[in-house]
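One structure below.
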Amino acid sequence: MMAEEMSVFAREKQSIPAKIEAIKSDIEAGKENPKTYYELANLYLEMFDYNSAVVNYNAAVVKSYGPIIKRARFNSGWCYKIKGDYKNALRMFNSVPDSDKNLKPAADYQMSMVYAKMGDFDKAMQLISSTNNRKNIRLL
């Protein structure tokens, strides 16, 4: 079973560059929709190309609407965090609206992790203790 799953994963991974090129062609042809840049960013994320992912998540924030923007902000923050760009990670995580009861606690948790990586443990603990998701305190 494991070999079969690995084979499926490898085939999916190989198809990503073609999907990226197809979406880029659609953008060049003016066939974009609100999800286009978000979907493109997700593909770059799967390829561990965090720079391209951030560019497209940020484009999704500008060109999209609704739930896509919230998720694009969160994912952009995550990519910045992985790249070690903590200032922009904090900016993007902080831009997830408080009204999103599912994504905001995750964004706050990620911000606390960024503060911990920066060595500001007081801010990290303050942020965690101010959220409704107190169970994450033990993860620090």
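Couple of notes before you dig in:
- With neighbour counts taken as other beta-carbon atoms within 10 Å, the residues PHE48, PHE93, PHE74, PHE121 rank, fewest first, as PHE48, PHE121, PHE74, PHE93.
- Estimated D of the stretch 74-118 in µm² per second, where Rh is the Kirkwood radius over Cα pairs and Stokes-Einstein applies at 4 °C, 1.567 mPa s: 130
Throughout, read-outs are computed from the coordinates displayed, never taken from laboratory work. What you are looking at is a predicted structure, and each value in this text was computed from that prediction instead of being measured. As a convention, Cβ positions derive from the backbone with ideal geometry for all residues, glycine included, and neighbour counts pool all protein chains shown.
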